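Participant: Here's a structure for you.
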Amino acid sequence: MSRYVGPNCRYCRREGAKLFLKGERCNLEKCSFERRSYAPGQHGQGLRRKQSDYSVQLRAKQKLSRLYGVREGQFRGYYKESTRVPGVSGENLLRLLESRLDNVIYRLGFAPSRKAARQLVRHNHILVNGRRVNIPSCLTRVGDAISVAESSRQMESIHESLRRSRDTVPWLSVDKVNLQGSVVEVPSREDIPTIAEEQLVIEFYSRV
């Protein structure tokens, strides 16, 4: 599977919004989006044409997939799953993305970004219900206990991330002293702070 290794700030500039892919750096003045908020490339500062409905839906899909760091094949799988279960498909899609282990680690504050959270998971620093899990896309459920492995509790990157002021979402509980947290409920749309137009994503996939 291909993996993007270029600068993450190009994604933010292309989507015209901060995706917070580089953690705390995104809040500083040196953030590339702050200095160059126009689209990347030689035509980035040119006049923008009126976007078609398809283009608007595509950009909404790209923005959401890049925000959560999910490749196209897996993202399409989440769409199919969201349309199979009862409820609003767009909200179901967001719940699936939010329940990913790498996102839960990020929401708990153990990592400054989802990319850093994926690295923690892949390097066997995270336990789910007392067992090591190294699959970032693993979906968590209500009642799952997520903690930092005993051998990894002195990692400065984790403690530094926890020192940053960031509110925990209400569907998670976190114990910063013991480096553990849990999923207490299924998140509602109001409890997901992601700025997204999820219904446009559903419309995009339903027409292709």
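Participant: Quick check: from the Cα gyration tensor, does region 101-186 come out rounded (a/c under 1.5), prolate or oblate?
Facilitator: It comes out rounded by the Cα gyration axes.
Participant: Taking 0.36 nm per intervening residue step and subtracting the Cα-Cα distance, what contour gain separates Lys115 from Glu160 on full extension?
Facilitator: 14.6 nm
Participant: Suppose each label sits 7 Å from its Cα in the direction of the beta carbon; what would the Glu185-Thr168 distance come out to in nanometres?
Facilitator: Output for this residue pair reads 1.5 nm.
Participant: For a quick protection proxy, order the peptides 138-145, 98-105 by their average other-Cβ count within 10 Å, most packed first.
Facilitator: Ranked by mean Cβ neighbours within 10 Å, highest first: 98-105, 138-145.
Just so you know, all these numbers are worked out from the coordinates, no wet-lab data involved. Note that this is a predicted model, so its numbers are computed, not measured. All Cβ positions, even for glycine, are placed from backbone atoms using ideal geometry, and neighbour counts span all protein chains on display.
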